[in-house]
Structure formats: C-alpha cells, structure tokens
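The values are calculated or read from the model by the stated rules, or taken from the named source; none is laboratory data. Every value quoted in this text rests on a predicted model; they were computed, and no experiment measured them. Please note: Cβ atoms are built from the backbone with ideal geometry, for glycine as well, and neighbour counts cover all protein chains shown. Heads up: the accessible areas ignore ligands, DNA and RNA and are worked out on the full protein's heavy atoms, side chains in. Shrake-Rupley method; radii C 1.70, N 1.55, O 1.52, S 1.80 Å.
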Amino acid sequence: MKKIFSLLMMLLPLMASAQNESRRVSLEPRVGMTVSKMSGSALSASGKWKMGCTAGVEVEIPLDDDFSLTTGGDISNIGTSFDTQFMNDSYSSYKEKLSVTYVTVPLQLKAYFKGVRGLSAHLGLQAGFLIKARDKMTIKSIRTMDLGDGTSSMYLWENYKEKQSENVSSKFRNVVAGIPMGLSYEYRNMMIDATYTLEVLRQAVSLGTSSAWNPYGEDRTARNYPICITIGYKFRL
C-alpha cells in the first residue's frame, strides 16, 4: 500500500485537467455501502469481508482550474465477519461478526484526469471517531420440540435460532487515523465515488495483557481495512 500511496502522490499533478472553470464551492450529500474486514493478532479467527452502510456530506472547495480541496463528514458501519463455526455437539453452529461504527472527517486533495471529463482522483488524511462497536452472534441449532407445560418430545425436533449482541467498544481506540485514496466520477451533478482507507499510526484494536480477549499474556492488535462506495448529488453554491 505504501507503493500505491507514493505512486498516487506522483501522478496527481500529471492527471490534473482544467475542470473547475466555474470555481464554485459545492456541497454533496451522499449514501452508499461499505465492504470491510479486520486483521490482526487480537482476533481469534481470520476476518472475512463484511457489508455495511455509510452516509454523509462532502464539501469541495476549488483551488484553481485543476485542483480542489475536499472535506466533510461521514458515518460508516464497518468491521469484519467470521466463518461459520460448529460447536462440540455438531448439532449447533454460530456465525459471528464485529460491527463497528465511526464518524470520519477527511481532508483530501482532488485532481481531475486529463481527457476524461468528470473523472478525478483524491488523496489525503482522515480522522475516525468511534461511535460504538458490537460483537454480534447468531446461533443455529436443532433441539427437541417444546410441547408446552415445560415438556418436550424425544422424537420431534425443531430448528432453533438465537441472536446475541455484546458491547465491545472498550476494546477499540476512540480515535483512528487513515489515508483515504480513491476515484470519483461526476455526470450531470451525480457523483459516484470509491475510496479505500489505509489505517496508519495506531491500530483500531489494542488489547492489554489483562484483557479477556487476550489469553496469551502479550499486547495484541487489529486493523481496519474499509472500502466505501457512494453515490451523491453535487449542489454548487
């Protein structure tokens, strides 16, 4: 990812094309989806990609005919899911996921591509503020059928599903920092954007030796890997 970051930094000036002729500040409400996972020694199993949602607003401030400065705020649900696990009795299984919500505030430089009107690349810095984090589990099993009055049948069986949720916000850092990078395309004021954020400096999860998540007696960490895809409408002010 460091090579990609360096490459984008070198290419931004080369990609610039005069598409900010009006030089008017714009406001863009947007909604979309997230695709994310987590990875690190703090997780008891390998994280898998998880779907979520995001919404927010972006402000674009033209600097000249070639470049703009963008900022704003988004609320995004990211996290990770895990493979289905089977319990000891082989009649029960559970599916677990971490659902983490952040408010993010980016500050980015946007440059427009030459020869493709409306297409741009953006790169910058971002702060994420934790709202909540929950460990959600769905347990599926086969059990004897309840006949009422506290009795059950030995010969009739039924499918059973139970959902559990635990607040694990205390296991996560309150503030994370990242480098967002991506592409945007504008057509008749409609905006489509895809952004990947590289989390830097401090990882989202850092467990001390006394944590119940950490039975190995050493600090363990985990990092977010979020991708956000949004659609919005640009209002020029």
### Entries in Lys50/Lys114; Lys140/Lys171; Lys163/Lys234 that, when Cα-Cα distance is taken, lie over 31 Å
Lys50/Lys114; Lys163/Lys234
### Probe 1.4 Å - accessible area at Arg134, Å² to nearest ten
70
### Query
For the stretch 52-136, what % of the accessible area comes from carbon and sulfur atoms, probe 1.4 Å?
60
### Task
Grab the beta carbon distance between Lys114 and Ser46, set R0 = 41 Å, and tell me the FRET efficiency rounded to 0.05.
0.45
## Note on the structure
SASA check, Lys48, accessible area w/ 1.4 Å probe, all protein chains in place, rounded to nearest 10 Å², comes out at 80
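Just reorder Asp135, Asp64, Asp83 by solvent-accessible area, largest first, 1.4 Å probe, all chains present.
Asp83, Asp64, Asp135
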### Query
What figure in square angstrom, to the nearest 10, would you give for the accessible area of Thr221 with a 1.4 Å probe?
40
#### Entry: Fully extended contour minus Cα-Cα distance, from Leu27 to Ile61, at 0.36 nm per residue
11.3 nm
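Taking a 1.4 Å probe, which of Ser170, Ser44, Ser141 shows the most accessible area, and what order do the others take after it?
Putting Ser170, Ser44, Ser141 in descending order of accessible area: Ser44, Ser170, Ser141.
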### Query
Can you give the net charge of the other residues whose Cβ lies under 14 Å from the Cβ of Asn167, counting K and R as +1 and D and E as -1?
+2
